[in-house]
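Report on one structure; see the data block that follows.
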Amino acid sequence: MDFNFFDLAIVALYVALVFLSGILMKKYVAGIGDYLVADRTMGFNLGLISMMCTEIGMITYVYYAELGYKAGFASLIIAVPPLLVYFFLGKTGFIIKPLLEMKIMTIPEFFSRRFSKGVRLYVGVLMAVGGILNFGVFPGVEAKFINTVSGIPEEYVLVTMVLLLTLVLVYTLLGGMVSVILTNYIQYVLLSFGMVFITVYGVYIVGWENIVDSVTTKLGDKGINPFFPTLFTGEFGIGFLIWQILEWTAILVAWQAVALRLFSSKDSKTGMKIYKWSGLMFLFRGILPIFWGIMAFAYFTEPVEGLDALPLFIKAIVPPGILGLIFAGLLAASMSTYASYLLSWSSVVSQDIIGVIIKFITKKEMSSERQLMVSRITVAAVMIFIIWWSLFHKLEGYLYFYLQMTGMLFLPGALVSIGFGVYWKKARNAGAYLSFTLGAMPPMLYLFVSEELKNEWASVIGWGGFLLALIGMLVGSLIQNLLSSPKDKMVQS
């Protein structure tokens, strides 16, 4: 163990505060609305902090730093699409305003209201599979990060993983979204300090000229220009940007962990305002850890694994005492993300798969208390699965691309089906089914190709999924409209 007494004391204090939050907040959770969306009472300031903290974990820093370490300054362009999409959605209310006004708790619930319970069940299955596979790599990557920074031997990765998730499980089971939002305050303070310190102190230690010289010398134009060799053939060229804009629009509309934050807002105006201002925060969420990876590239004289670059860099430059504060911030980030993701994907399983099946069999809605019990059981089940997946799944290619592609098992179909479902009266069940099915095919292909093809074809596979989803919606709806009787068309309208 490389931590001194002060480092350990800081981390222990944070862990104690987390447990206390779960115990104190349990009394405020009376039903499923409190548990999943905090009874829709979240205001702007807390919503902005909570949105930011939900989508920052150790793994966020690791995959962005890997991009910076491998691709240099060119990878900074990745931080731009979320800024544009957040601002556009927050300013216009496109799609998100109608969803907020529907007062739903999960995204698949929309499909039950607009299309059918069958579509909701199908979407729920795709969302659960994609979301849980996405989440499934978090514990392994982050446990290794913790062991590297703290000095815990690598053979204790499994123990670290189980302890971290068990801690999160306890306060998530007790307090649900209320506990998650409360701990975001602590996380925000620690993260803000850590992000500023690593950036400023890192530049001081490594030196700006050394950082620039290392990238230009070792990576050449490819490390500086995202459009090298051309706008259309560069690794981060026009195809990549189109994919990322579509992907981030889908994430902010249909990613359950983000949607739960949106649906926790006290009204649609607050939700839109949270989105509009979140863009600026997400810009720095991308830029700073990518820059840390670039600093690590300049700092190490011998090559290291891309996913190991950031933890090794932090361990090498951060002095004792300060390391405890930064580690507590990173731990806070992961625990908040874990709690949000456990809550998000278990809610899809419990509400949109188990709940739909039970209603189909019994012809009755589950009571709020029964829904709460099922949600808590599925939280534990999801945790067990992701521990197993982290142990046995081998990552290939950029971690960033893997996370994007697993989400794309449902995101293209979700964006197209929600958009057309909200704004096009002729959107039909067949269109939704076909949109999700076709949209999921390219990312499924990505998961099975070689590492070289993963990086080379990621952008084409990315925007291709959205194109196929659009075709599926138009063709499926057209066919169903042609085959429907005039009476059916009047009912569907």
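The values are calculated or read from the model by the stated rules, or taken from the named source; none is laboratory data. Everything numeric here is computed off the predicted structure, so don't read it as measured data. Cβ atoms come from the backbone with ideal geometry, glycine included; neighbour counts cover every protein chain shown.
Of everything in region 269-316 that's of a type in the set (Asp, Glu) and free of Cβ contacts under 8 Å to residues at least 24 places away in the same chain, which residue is nearest to Ala65 (Cα to Cα)? If we take residues in region 269-316 being of a type in the set (Asp, Glu) and free of Cβ contacts under 8 Å to residues at least 24 places away in the same chain, then Glu305 is nearest to Ala65 (Cα to Cα).
Taking the criterion of being more than 25 Å from Gln187 (Cβ to Cβ), surrounded by 22 or more Cβ atoms within 10 Å (Cβ to Cβ) and hydroxyl-bearing (Ser, Thr, Tyr), the only residue of region 70-94 that qualifies is Ser75. Within region 209-243, the set of residues being of a type in the set (A, V, I, L, M) and assigned to a helix (DSSP H, G or I) comprises Ile211, Val212, Val215, Ile238, Leu241, Ile242. Only one of the listed residues (Met366, Met383) is buried (at least 18 other Cβ atoms within 10 Å of the Cβ), out of contact with any strand residue (DSSP E or B) (no Cβ under 8 Å at 6 or more places or on another chain) and within 19 Å of Val125 (Cα to Cα). That residue is Met383.
Suppose the filter is more than 20 Å from the chain's Cα centre (by Cα) and at pLDDT 60 or above; does Ala65 pass it? In short, no. Has region 134-142 got at least one residue that is in the same structural domain as Leu241 (by TED's automatic domain parsing) and over 21 Å from the mean Cα position of the chain (by Cα)? No, region 134-142 contains no residue that is in the same structural domain as Leu241 (by TED's automatic domain parsing) and over 21 Å from the mean Cα position of the chain (by Cα). Here Ser50, Ser21 are screened, and the one residue that is closer than 16 Å to Thr337 by Cβ, out of contact with any strand residue (DSSP E or B) (no Cβ under 6 Å at 6 or more places or on another chain), at pLDDT below 65 and assigned by TED's automatic domain parsing to the domain that holds Phe297 is Ser21. Scanning region 113-129 for residues that are crowded, with 22+ Cβ neighbours inside 10 Å, in contact with a helix residue (DSSP H, G or I) (Cβ under 6 Å, 6 or more places away or on another chain) and in a helix (DSSP H, G or I) returns Val119, Arg120, Val123, Gly124, Met127, Ala128. If you take just the helices (runs of 4 or more DSSP H) that sit entirely in region 400-493, which of them hold at least 3 residues that are among the small types (Gly, Ala, Ser) and at pLDDT below 95? In region 400-493, the matching helices (runs of 4 or more DSSP H) lie at 451-483.
Applying the criterion of being out of contact with any Gly (no Cβ under 7 Å at 6 or more places or on another chain) and aliphatic (A, V, I, L, M) to the residues of region 342-355, the residue that is surrounded by the fewest Cβ atoms within 10 Å (Cβ to Cβ) is Ile354.
If you check Thr166 against the conditions, is it buried (at least 19 other Cβ atoms within 10 Å of the Cβ) and either modelled with pLDDT under 80 or among the basic types (Lys, Arg) (or both)? Answer is no for this residue.
Taking the criterion of being in contact with a Leu (Cβ under 7 Å, 6 or more places away or on another chain), of a type in the set (Gly, Ala, Ser) and modelled with pLDDT of 90 or more, the only residue of region 238-265 that qualifies is Ala250. May I ask you to verify whether Ser347 is closer than 30 Å to Val119 by Cβ and in contact with a helix residue (DSSP H, G or I) (Cβ under 6 Å, 6 or more places away or on another chain)? Answer is yes for this residue.
Condition check ((1) more than 30 Å from Gly220 (Cα to Cα); (2) of a type outside the set (Asp, Glu); (3) under 21 Å from the mean Cα position of the chain (by Cα); (4) in a loop (DSSP other than H, G, I, E, B)) across all residues:
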residue	(1), (2), (3), (4)
Glu302	no, no, no, yes
Ala309	no, yes, no, no
Ala332	yes, yes, yes, no
Ser346	yes, yes, yes, no
Glu365	yes, no, no, yes
Met383	yes, yes, yes, no
Ser390	yes, yes, yes, no
Leu395	no, yes, yes, yes
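Considering Ala339, Ala333, Ala328, the condition of being in contact with a Cys (Cβ under 8 Å, 6 or more places away or on another chain) and under 23 Å from Tyr188 (Cα atoms) is satisfied by Ala333 alone.
Taking residues in region 398-413 that are within 17 Å of Ile471 (Cβ to Cβ), and partners anywhere that are crowded, with 21+ Cβ neighbours inside 10 Å and basic (Lys, Arg), not one pair has Cβ atoms closer than 9 Å while being at least 6 places apart or on different chains. Look at region 87-100: where a residue is at positive phi and of a type outside the set (A, V, I, L, M, F, W, C) and a partner is buried (at least 20 other Cβ atoms within 10 Å of the Cβ) and assigned to a helix (DSSP H, G or I), sitting 6+ places away or on another chain with Cβ atoms under 7 Å, you get Gly93/Met272.
The numbered conditions (1) more than 28 Å from Gln244 (Cβ to Cβ); (2) touching a helix residue (DSSP H, G or I) at 6+ places or on another chain (Cβ under 8 Å) are all true for Glu302 except (2).
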